[in-house]
Amino acid sequence: MSVINKISVNACDNELIIIASTDRGSSELMHLKSGFNAPVSYSVNPAHILAPGKYDLTVIGINWGGPGKISVDIDGDSPQTLSGSGGKGVFFSETIPMVVA
């Protein structure tokens, strides 16, 4: 399980929801809306929002119509990019383990 220091959104067409959850509940870390391939740049440090501990980080991409795209960089012990594209509706959903220190 990786300590995550920063979550950065680089693309959001049309809607992106990022949730941190435990067995006891969830917290919405961000909910962004954009479109027409407009540039997006938004970052958050989970430690500024959440208590230290282990979480599941869920990224959800929603498209209202036309091509949809998301790109989210996860920075920490094991950096990775979560990205996807697709048609109308929920086109991307991925959950990864996360530690907030």
Study note, to complete from the structure: Matching residues in segment 1-27 (under 12 Å from the mean Cα position of the chain (by Cα), within 24 Å of residue 87 (Cα to Cα) and either free of Cβ contacts under 8 Å to residues at least 40 places away in the same chain or crowded, with 20+ Cβ neighbours inside 10 Å (or both)) number 5
Review point. Does segment 75-83 contain any residue that is in a strand (DSSP E or B), in contact (Cβ under 8 Å) with a residue 24 or more places away in the chain and among the polar types (S, T, N, Q)?
Key: yes
Check your understanding: Under the condition of being under 14 Å from residue 13 (Cα atoms) and out of contact with any strand residue (DSSP E or B) (no Cβ under 6 Å at 6 or more places or on another chain), which residue from segment 38-48 is least open to solvent (accessible area, probe 1.4 Å)?
Key -> 38
Check your understanding: Since residue 85 meets every condition but one in (1) small (Gly, Ala, Ser); (2) open to solvent by less than 70 Å² (accessible area, probe 1.4 Å); (3) in contact with a Lys or Arg (Cβ under 8 Å, 6 or more places away or on another chain), which condition does it not meet?
Key -> (2)
Revision key, fill the gap. Within segment 1-42, of all residues that are assigned to a loop (DSSP other than H, G, I, E, B) and hydrophobic (A, V, I, L, M, F, W, C), the one modelled with the lowest pLDDT is 1
Check your understanding: Which ones in segment 49-72 are hydroxyl-bearing (Ser, Thr, Tyr) and either more than 17 Å from residue 90 (Cα to Cα) or open to solvent by 60 Å² or more (accessible area, probe 1.4 Å) (or both)?
Key -> 55
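The values are calculated or read from the model by the stated rules, or taken from the named source; none is laboratory data. Just so we're clear, the structure is a prediction, and the values are computed from it rather than from any experiment. Cβ: placed from backbone, ideal geometry, glycine included. Neighbour counts: every protein chain shown. All accessible areas refer to the heavy atoms of the entire protein, side chains included, with ligands and DNA or RNA removed. Shrake-Rupley method; radii C 1.70, N 1.55, O 1.52, S 1.80 Å.
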